[in-house]
Amino acid sequence: TFVSICLVVLFFEDIFLQKPAEKTAIGVVKVADGNVRVKYPGFVNWFNLKQGQFVRSKSLVFTSKDARATYVLIDGTVINQDPETLLKLAFKIKKQKNKSGKNVTLENIDLSLTKGSVAITTSPPETKGNSKDINLNKNTFRIKGEDSLIKVDKSKQKDDAYDLAVIKGKVDYVDKKGESLTLEKGERVAGIRDSQAATVADAPKKEKVP
């Protein structure tokens, strides 16, 4: 498919051209409808972002009114960016030891949502026992054993707060102490703030999606 070809080109481009880490391609633009603008790390100017172009790590992407964008990341994660949304995204892979001392691979999708809303579709890690983290602003949401779809929305909240709803699958909210709160299909946490990222106990209580 078109997306598969782009991802293969993306992989070989970065291997052979040895691009700096902050400019590494992490995915491809599958859809760019309307005025979609991107600001790359180290650049002052904004550029038009079009279908087929690569998504670079730590880039800022803005969709104006009536504009939408969809990105497919190198791990298969799909991010749908709604109109009037400002998003910064990055992707990294690291290896660490779990509580049993076993080496595991942790996939990190780093998102910073300043305004608007996004929908994120993820698949579980390829290797059983590994995990995939979505680091959203200063909070961590972990994907484990099944495909998941989550919706993140700042449009109804003030300041740094946002709502997170699980449309499909299951997601763990993980605090800095390693404690977790499981959100299942049809559940959400409303009014999450960056300042509440320290412990699960500080987070707003989960509720049913209205």
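So the values come out like this:
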{"item": "Pairs with Cβ under 7 Å, 6+ apart, first in region 177-194 and open to solvent by 50 Å² or more (accessible area, probe 1.4 Å), second outside any strand (DSSP E or B) and polar (S, T, N, Q)", "result": "K177/T199; E179/T199"}
{"item": "Residue satisfying condition, being exposed (fewer than 13 other Cβ atoms within 10 Å of the Cβ), among the hydrophobic types (A, V, I, L, M, F, W, C) and at pLDDT 85 or above, within set V31, V44", "result": "V44"}
{"item": "Qualifying residue in region 9-27 (condition: of a type in the set (V, I, T), modelled with pLDDT of 85 or more, outside any helix (DSSP H, G or I) and under 18 Å from the mean Cα position of the chain (by Cα))", "result": "no"}
{"item": "Evaluation of V36 against (1) at pLDDT below 95; (2) open to solvent by less than 30 Å² (accessible area, probe 1.4 Å); (3) more than 17 Å from the chain's Cα centre (by Cα) (one fails), failing number", "result": "(1)"}
{"item": "Within region 71-93, tally of residues that are buried (at least 19 other Cβ atoms within 10 Å of the Cβ) and over 12 Å from A25 (Cα atoms)", "result": "5"}
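The values are calculated or read from the model by the stated rules, or taken from the named source; none is laboratory data. What you are looking at is a predicted structure, and each value in this text was computed from that prediction instead of being measured. Please note: Cβ atoms are built from the backbone with ideal geometry, for glycine as well, and neighbour counts cover all protein chains shown. For accessibility, only protein heavy atoms count, side chains too; no ligands or nucleic acids. Shrake-Rupley method; radii C 1.70, N 1.55, O 1.52, S 1.80 Å.
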